[in-house]
Amino acid sequence: MAAPRERIVLAVLLAPATLILGVFFLLPLLIVALFSVLMPGLYGGVEWAFYHWNYGRIFGWADGLMEIFEPIYLQILLRSLGFATLTVLLCLILCYPVAFWMSRLPERWRLLFLFLVTLPFFSSLIVRLYAWLLILRPSGLLNQGLLALGVVDAPLDILYTPAAVVLGMVYIMVPFMFLPLFAAVDNLDRSLVEASFDLGATRAQTFRKVILPQTLPGIVAGSVIVFIPSVGNFIVPDILGGAKGLMMGNLIEQQFLSARNWPFGSALAMVVMSVVLMVLLTMVARSRRVRG
Amino acid sequence: MTALLEIRGARRRFATPEGGHIAALDGVDLDVGGNEFVTLLGPSGCGKTTLLRAISGFEQLDGGSVRLDGADLGALPPFRRPLNTVFQSYALFGHMTVARNVGYALEVRGVDRATYEREVGQALEKVGLSGMGARKPSQLSGGQRQRVALARAIVAKPRLLLLDEPLSALDRNLRQQMQLELKDLQHRLGIAFVFVTHDQEEALTMSDRVVLMRAGRIEQQGSPRDIYRRPRSRFVAEFIGETNLFSITVERIEGGLAVGRTAQGLALWLPAAGLRPGQSAVAALRPADFTLEDGDIAGQVSRSVYLGSDLHLFVRPNAGGPEIRVTARDRAGAPEVGTPVSLGYDPAAAHVLEEA
C-alpha cells in the first residue's frame, strides 16, 4: 500500500486524464448506449421509452410495421469488417519488408525515412483524399498515364468502387501500421537470427520460428491500431467510395445527420463497437497463445 | 594426422568510416585438431571474432579458404555448416521454453519425437540443467542461461564448437567455475572447441593451444606454458600475464650464460643460446621468477599491493631504470615499502625475445 502522501500525488497526477476520459469519452459512450434502447423522436431526439426495435431492425426481430428488418445493415457491417481486414493485411504486407530494410539503414538515413513516413500527417486528410480523387477519376493522372503507356484502351473505373475505398484506407493507415511494426523489427536481436541459422534452420524456418514470433507484438499492435479506425471509417468511403463502398461509419453518420434517427444510429454504433471488441479480444488471446 | 579444421590464407578487409580500409584478417593460417581446445586470444579489434565468424559463415572471406574435414565451407551458408556456436549474448529464444531452445537444432531437422526428447534430455543433463526444461530463459540466472546456450549448441553433436566470449557476462567466481566445466565438457564430448576471448587468464586455464592474434595476424601460437614462458615478441610477453622486460646489450658469454647490461648499468644473467657479444636484445622475467634475497640486483621496495595469498611488490633498482615487478608470498616478514632487497633469479628462467 502506498503511503498517503504518494497516493495523493498519484491522484493529482492522474486526475486530468481521468477527468477528460470520463467527461468526453465514458459519458458520451453511456449516452449512446442509453439512446440505442430508446424510441426515436418524431423530429429527431429521443422519446424516453424502452424500445428494442432499433436492434430488431439490424438483427431481424423488427415488428414489420413501424420498423422493418433489412439484411443490408448486417451486409454493410460484414463489408466494413472485410474492408478493415483487407486494409490491415495490405498495410502489413507493405510495411513488414520496409521495416526490415529500414532497420538496417545507418542512423541518419533511418531518421530521415521515419520523418518521411510521418510526413502525410503534416497536411489535411481531406485534402489528401481529394488528391486521390483527382488521381483515380477517369480523366485523372492514373488513367492518363495508363492510356499514354498503352496499358489500357479505355479509362479504368476505379473511383467509387470498393477497391478505391480500400486503397484510400491503406493510404491513410500505412503510418499507423509502420511505426509499431518498425519498433518491433528494430528491436529484433540479430544474434537470435544468427543463432537460428547456426543451429541449422533455413531462412524460411528462421522466419517462421524466430523472426515472426519475436516481432509479433509489433504486428498485433499495428493491426489493432489500423483495424479499429478502419471499421468505423466514413471519410474515405464518403469521398472515394460509391454506393458499393458504403461502410458502417457512413450509415451511422447518415442516421445522426440526415435521417435524424439518433437511437438507430446509436444501436449501429454499439453493434460496431461490440464486434470490434470481440475481434480484438480473440486476436490478443490468440497471439498470447502463439507466444506461449 | 590431418586437422579437422584447416584455415589457409584467410583475408578480410573492412571499410572504415574515414574511407580507408583495415585488415581484420591479414593472411591467417590455422589448423585445429579433432579434439583440441584452441583459444583465439587478442585485444579487441585483432580479428579473432572475424575469424570465428568466418568459420561459422556469418562473415565472408575476401581470400583464403576454410575447410572442415577436408570439405571447403566457403560456399556454404551458415545453416549448412556442420558446426555450432555459443554466442556472447547467449542469443536464447525468449519466446521458447528452455527445452525447445535446446532442441531447436533437432526441431528444424525434423527428427522424430522420441529421439528429440532423449537428446534434449541428455543435453540438459550434460550441462546440469535437468528439470529446468519447462522454464523460460527469462526465469533463469546468467549462469543457467549460459548452460542453456551450451546445451543448445551441442545437442546436434557437432564436430566443432565455436565459442564467442561466452563467459564475459558472468561474475568472477562463476566464470572460473565455468572455465573448468567447459574444459571438462570438451574432454567428455571429444570434439574440438574454438574459443574466443580477450582474457589471457581464461585462455591459459582452458586451452590446449593458445593462438594470440594481433592486427589480423597470428602473432604466436603454442601451448599455454609455451606462450607464457617463451613469448616471441614484446607484444606477446606483455599481453600474456605480467612481465618485466629489460632492453640489454650483451657484454660477454661465460659458458652457457650471457651477461647483458641495461642502459642504466644493471647486469643480468641470461641463457647464452643464440646470443653474441655486442648484440642488443630484450629479456623477459616474470614477477614470480624473482626471489627477494641473495641476489645481485640491489634495490628498494617502492610499492606493495596486497593480492590475498600473494603480494605484488614494485622494486626500484639502485642502478636505476624502470621498476621491477615481483610476486612474493604474503607471510610474516614480508618486506614493507622502503625495505632494501637484493633480487635473485635462476638465469634459466630468463627468456630472450626473438623480436625486440
In the stretch B:171-248, what GluC sites (Glu not before Pro) fall in a loop by DSSP, with at most 16 other Cβ atoms inside 10 Å? B:242
Near residue B:198, within a Cβ-to-Cβ distance under 10 Å, what is the net charge of the other residues, with Lys and Arg +1 and Asp and Glu -1? -2
How about the stretch A:150-230: which trypsin sites (Lys or Arg not before Pro) there are in a DSSP loop, with at most 14 other Cβ atoms within 10 Å of their Cβ? none
Please give the length that would be gained between residue B:276 and residue B:189 if that part of the chain were fully extended, namely 0.36 nm times their separation in residues minus their C-alpha to C-alpha distance (nm, one decimal). 26.4 nm
Inside 10 Å of the C-beta atoms of A:183-195, what's the mean count of C-beta atoms belonging to other chains? 4
Set the Förster distance to 30 Å, then compute FRET efficiency between residue B:318 and residue B:225 from the Cβ-Cβ distance, nearest 0.05. 0.35
Likely footprinting exposure, B:85, A:118, fewest C-beta neighbours within 10 Å first: A:118, B:85
Calculated from DSSP H runs of 4 or more alone, at -39500 (n - 2.57) each and per residue, what is the 222 nm mean residue ellipticity of chain B, nearest 500? -7000 deg cm²/dmol
Who wins for biggest fluctuation among A:226, A:170, A:127 in a Gaussian network model of chain A, springs between alpha carbons below 10 Å? A:127
What dipole magnitude, in Debye to the nearest 20, does the stretch A:145-260 give about its Cα centre under +1 on Lys/Arg Cβ and -1 on Asp/Glu Cβ? 240
Is the C-alpha gyration tensor of the stretch A:71-291 telling us rounded, prolate or oblate? Criteria: a/c under 1.5 is rounded; beyond that, a/b larger than b/c is prolate, otherwise oblate. oblate
Give me the one-decimal nm value for the distance between modelled label points at residue B:138 and residue A:6, 7 Å along each residue's Cα-to-Cβ direction. 2.3
Footprinting proxy, A:23, B:259, B:352: sorted fewest to most Cβ within 10 Å, the residues are A:23, B:259, B:352
In nanometres, what is the gap between the two model label sites at residue B:14 and residue A:288, each 7 Å from Cα along Cα-to-Cβ? 4.4
Please list B:12-24, B:280-292 highest first by mean number of surrounding beta-carbon atoms within 10 Å per residue. B:280-292, B:12-24
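No lab work stands behind these numbers, since they all come straight from the coordinates. Just so it is clear, the structure is predicted and the values come from calculations on it, not from any experiment. Because the Cβ atoms are built from the backbone with ideal geometry, glycine has one as well, and the counts that use them run over all protein chains shown.
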